[in-house]
Amino acid sequence: MSKAVVSQLYNSEFFKMACRQFDVAADAISLPEDMRDRTKYPRRALCVALPIRRDDGSVVVFEGYRVQHNLSTGPAKGGIRFHQDVTIGEVAALAMLMSWKCALAGLPYGGAKGGVIVNPGLLSLGELERLSRRYMQELLPVIGPQVDVPAPDVGTNEQIMGWMLDTYSTHVGHHEPAVVTGKPLALGGSQGRREATGVGVAYLIKRYLEDLGIPITSATVAIQGFGNVGSETAVALAGYGAKIIAISDYTGGIFNANGINIAKALEYVRSQKVLHDFGGGEPISNDDLLALPCTVLVPGALERVITAANVGRLRCRVLAEAANGPTTDEADRLIEARGDIEVIPDILCNSGGVIVSYFEWLQNLQHYYWTRDEVLAKLTVVLDRAKEAVEQQKLKFKFSRRLAALTLGIGRVVEAKQRRGLFP
Ligand code: GLU
């Protein structure tokens, strides 16, 4: 059988890793050869130059991407990342993960991701607005409520979604809230969306601890990353009575065996932007945080932080992947061989965000809005269903939990592609 002829466009460690994960899953379900490359490679990608005027009058050009991995199961869906290390290969890997994540949760979406190479912390608010608007302006040909629906990711937030919505709406000539999710409530955002990813992560941790017979009130938790996902996970877990013994961001971390006061940490970050110099415990490096003895370790920042080099130091019972792709496939195999850590894989663990994005989009399309309780109740129904499906798949085929989740997600995308046939 002939193989795909592909360029080196997406050449990055993360993309190669996502491809290897796909290959392992494809082998595990004996995926027909003629479906493999078709399902694996991104459908299309857009690379854009984004000139903006700085506050000092100079002009600077940023580079941005949008990769739509799969459009066969519905409009593409996925966040936009503003980060200095963004590459098109990283965006493609994240887009691929969105395809499997949406399919696993049973959402009528394809998968996509966007990114701009920029450190948003170095821009003024006005510069950030101009960059966000310019990015949406350049994406207009491939974006829309029925085509591709962006959302926040690392380095982007509600306000940025608001500017993007305005740019799109101005173009089409009417208010179009369904074009992005994770937007402000005043523009048609959903109750519960801001905290949805963290709430979902915490809920799944609680459910898995129940399965293991560990009371959540006796659980200790270390969380890497104190952005939207990490901080909301901390809030929700603390609300369940778990003890958060460590948190961190890119400036370093804090350890406190008696438990960190999360409300105080949030207050500090709101005023100082970073955790650096927050009292409330002893300083700890991000590397040492991963090695803390704890019930639950939550990597909630960037990809590929748990590697073959540090996986041997892990001393958690549960690894809850709140970030996308935090564990390399090499490390994953070593964790499996160790057999003492339960992994809640990313495409299940952090799916609460895109699930509530789906609810937000539905509310926008219906012009009918739900209460926070309704949103969160529906979220747990979808998470429970996805978790149950993963556990059954794991048991039935004796797969790891990650392989179970991936094969379910990939299998659903494949079925849709098979049913649609190959055009022309
Ligand atoms: N960026 C989030 C993720 O990685 C959310 C995507 C969305 O809501 O579309 O899942």
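The values are calculated or read from the model by the stated rules, or taken from the named source; none is laboratory data. Worth saying up front: this structure is predicted, and the values here are computed from it rather than measured. Neighbour counts run over all protein chains shown; Cβ positions are idealised from the backbone, glycine included. We work out accessible area using only protein heavy atoms, side chains counted, and drop any ligands, DNA or RNA first. Shrake-Rupley method; radii C 1.70, N 1.55, O 1.52, S 1.80 Å.
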Suppose only helical runs count, i.e. DSSP H with n ≥ 4. What mean residue ellipticity at 222 nm does that imply for the chain under -39500 (n - 2.57) per run, divided by all residues and rounded to the nearest 500 deg cm²/dmol?
-15000 deg cm²/dmol
Where a ≥ b ≥ c are the square roots of the eigenvalues of the C-alpha gyration tensor, would you call region 37-110 rounded, which needs a/c under 1.5, or, failing that, prolate if a/b is larger than b/c, or oblate?
prolate
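Which order do Lys16, Lys183, Lys3 take by accessible area at a 1.4 Å probe, largest first?
On the way: Lys16 80, Lys183 5, Lys3 125 Å².
Descending accessible area places them as Lys3, Lys16, Lys183.
What does the charge count around Gly253 come to, taking other residues whose C-beta lies under 10 Å from its C-beta (Lys +1, Arg +1, Asp -1, Glu -1)? Walk me through the numbers on the way to the answer.
On the way: positive: none; negative: Asp249, Glu282, Asp287, Asp288.
Its environment carries a net charge of -4.
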Based on the alpha-carbon gyration tensor of region 309-424 and its eigenvalue square roots a ≥ b ≥ c, which shape applies: rounded if a/c is under 1.5, prolate if not and a/b is larger than b/c, or oblate?
oblate
If you build the convex hull over the alpha carbons only and average its shadow over all orientations, what do you get for the chain? Give it in nm² to one decimal.
20.6 nm²
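Which whole-number percentage describes the relative contact order of region 130-225, with Cα contacts under 8 Å and a sequence gap of 6 or more?
Working: 80 pairs, mean separation 20.7, N = 96.
Value for region 130-225: 22 percent.
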Would you work out the relative contact order for the chain, in percent, from Cα pairs under 8 angstrom that are 6 or more residues apart?
16 percent
What order, most packed first, do the peptides 253-261, 365-373 have when packing is the mean number of other Cβ atoms within 10 Å of each residue?
253-261, 365-373
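How much accessible area per residue does region 213-314 have, in Å², with a 1.4 Å probe? Intermediate results must be reported in sequence, preceding the final value.
Working: 4420 Å² over 102 residues.
Ligands and nucleic acids excluded, the figure is 43 Å² per residue.
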Classified through the alpha carbon gyration tensor (a ≥ b ≥ c as square roots of its eigenvalues; rounded if a/c is under 1.5, else prolate when a/b is larger than b/c, else oblate), region 79-173 comes out oblate
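Anything in the chain that counts as a DSSP H helix reaching 20 Å or more along its axis (C-alpha) with Kyte-Doolittle mean of at least -0.5? List them, would you?
Values: long enough: 13-28 (22 Å, 0.11); 88-105 (25 Å, 1.44); 125-139 (21 Å, -0.86); 158-172 (21 Å, -0.15); 193-212 (29 Å, -0.21); 352-366 (21 Å, 0.37); 372-397 (37 Å, -0.37); 401-420 (29 Å, -0.26).
Within the chain the helices that satisfy the rule are 13-28, 88-105, 158-172, 193-212, 352-366, 372-397, 401-420.
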Considering only DSSP beta bridges with both partners in the chain, what is the antiparallel share in %, to the nearest 5?
50 percent
For region 1-63: accessible area per residue (Å², 1.4 Å):
60 Å²
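Work out, in µm²/s and without decimals, the Stokes-Einstein translational diffusion coefficient of region 227-376 at 4 °C, 1.567 mPa s, Rh from Kirkwood over C-alpha pairs.
Working: Rh = 16.7 Å.
Translational D for this selection: 78 µm²/s.
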How big is Rg to Rh over region 373-412, alpha-carbon atoms, Rh as the Kirkwood inverse-mean-distance radius?
1.10
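Going through the cross-link list Lys16/Lys378; Lys206/Lys396; Lys206/Lys398, which pairs have a Cα-Cα distance over 29 Å in this structure?
Working: Lys16/Lys378 35 Å; Lys206/Lys396 24 Å; Lys206/Lys398 23 Å.
Going by Cα-Cα distance, Lys16/Lys378 fall outside the 29 Å limit.
Tell me, what % of the accessible area of the chain is carbon and sulfur with a 1.4 angstrom probe?
Details: 9220 of 17560 Å².
Its accessible area is 52 percent carbon and sulfur atoms.
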Hz values of 3J(HN,Hα) by residue in region 68-77 - Karplus curve (6.51, -1.76, 1.60), Gly and Pro given as x:
9, 6, 9, 10, 7, 10, x, x, 5, 9
Taking loop as defined by DSSP and a crowding limit of 14 other beta carbons within 10 Å, which trypsin sites (Lys or Arg not before Pro) in region 44-115 fit?
Arg54
Whole-number percent relative contact order across region 210-316, with pairs defined as alpha carbons under 8 Å at least 6 apart
31 percent
How many angstrom lie between the Cα centre of region 230-263 and the Cα centre of region 117-159?
29 Å
